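The values are calculated or read from the model by the stated rules, or taken from the named source; none is laboratory data. Keep in mind it's a predicted model, so treat the numbers as computed, not measured. Note: ideal-geometry Cβ built from the backbone for every residue, glycine included; neighbour counts use all protein chains shown.
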Amino acid sequence: MRIALLGGTGDIGEGLALRWAYHTDHEVVIGSRDPEKARAKAEEYETELSSRGVDRKINGFENAMAADRARVVVLAVPAYHVTDTVETVADALDDETVLVTPATGMKRDDDGFHYNRPGAGSVTQLVANAAPETVPVVGAFHNLAAGRLADLDADLGIDTLLVGDDPDAKDLVSLLADDIDGLRPLDAGGLTNAAEVESLTPLLINVAMHNDGLHDLGVRFD
C-alpha cells in the first residue's frame, strides 16, 4: 500500500515514515512543498533504516505528486497549513483515497500550551470541510510524542485515538496504526468527537514540561 506523508520532513512525519518503513512493507512516500527537501529527507530516512539492516527505498516529491496514487495520505503539517495543503493536492485525491490528519491547533502563553479550537469545531473537521466530498477523513496520531515515535529503539506501548465517519476508512487507518509495533489504535467515534481527542495534545505537553522523565510521554487506556 502506498502511504504519502505530506509534510513528511517534519517531526511527526519523520516518526511515522520511519516506523512504517521499519515495521511494514508498505510503500512510504515523503511529500513537501519543496521537492528537494523531500528528497533529502527521504535519503536521511533510508540511511537511518540502512544502519539498522533495513534496505528500503523511500521517495520524496512535491506534495501533489506524493499524494498521487496513494491509498492513504497523511497531512503531517501544522494545523494552520492543513486547509492550504488539502486544496493543493485535491486533484490527486479520489474516492479510493483516505485522508488522515494528526494536526492539533494550539497556542502558548506564560502558563503553557492550550487547545486552540477552530471555528469549524476541530482541525479534523477543517480538513473534512476542505477535502473533496468523496474523500473520507480520519483523525489519528494526534497525541504521539514525535521524538519517541522517531526513536526506533523506543518501545511505544501507547494508544492512538481514531475519529471518523466512514467505517471502512477508519478500519484501514486502524490496521496501519496496528502495523506499528507498540501502537494500539482505539476507536473514539465520529468526527464530532475530534476536538476532545485533539485537546489531549496540549495537556500532554504541559505534563511533560512540568515533570522530569516524562519528555516523550504518551497515553494508554486500561
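Restricting region 147-176 to residues that are touching a Pro at 6+ places or on another chain (Cβ under 6 Å) and surrounded by fewer than 21 Cβ atoms within 10 Å (Cβ to Cβ), the residue that is farthest from Tyr22 (Cα to Cα) is Asp166. Evaluation of Leu204 against the conditions (1) part of a helix (DSSP H, G or I); (2) closer than 16 Å to Leu149 by Cβ; (3) free of Cβ contacts under 8 Å to residues at least 12 places away in the same chain shows that the sole unmet condition is (3). If you take the residues of region 101-123 that are crowded, with 21+ Cβ neighbours inside 10 Å and of a type in the set (Ser, Thr, Tyr), which of them is farthest from the chain's Cα centre (by Cα)? The extreme case among them is Ser122. When you scan region 78-94, do you find a residue that is modelled with pLDDT under 95 and among the aromatic types (Phe, Trp, Tyr), even just one? Yes, some residue in region 78-94 is modelled with pLDDT under 95 and among the aromatic types (Phe, Trp, Tyr).
Of all residue pairs spaced 6 or more apart or on separate chains, those with beta-carbon atoms under 6 Å, a first member in region 102-113 that is farther than 17 Å from Leu144 by Cβ and a second member that is assigned to a loop (DSSP other than H, G, I, E, B) are Lys107/Asn116. Exactly one condition in (1) in a strand (DSSP E or B); (2) touching a Phe, Trp or Tyr at 6+ places or on another chain (Cβ under 7 Å) is not met by Ala4; state its number. Ala4 satisfies every listed condition except (2). Being surrounded by fewer than 24 Cβ atoms within 10 Å (Cβ to Cβ), within 16 Å of the chain's Cα centre (by Cα) and free of Cβ contacts under 8 Å to residues at least 60 places away in the same chain is true for just one of Leu126, Leu93. Which residue is that? On inspection, the qualifying residue turns out to be Leu126. Residues satisfying the criterion are absent from region 137-154 (criterion: over 30 Å from Ser51 (Cβ atoms) and aromatic (Phe, Trp, Tyr)).
Among the residues of region 1-57, those that are hydroxyl-bearing (Ser, Thr, Tyr), over 26 Å from Asp94 (Cβ atoms) and free of Cβ contacts under 8 Å to residues at least 60 places away in the same chain comprise Tyr45, Thr47, Ser50, Ser51. Kindly indicate whether any position in region 104-127 is closer than 18 Å to Ile30 by Cβ and of a type in the set (A, V, I, L, M, F, W, C). Checked region 104-127: no residue is closer than 18 Å to Ile30 by Cβ and of a type in the set (A, V, I, L, M, F, W, C).
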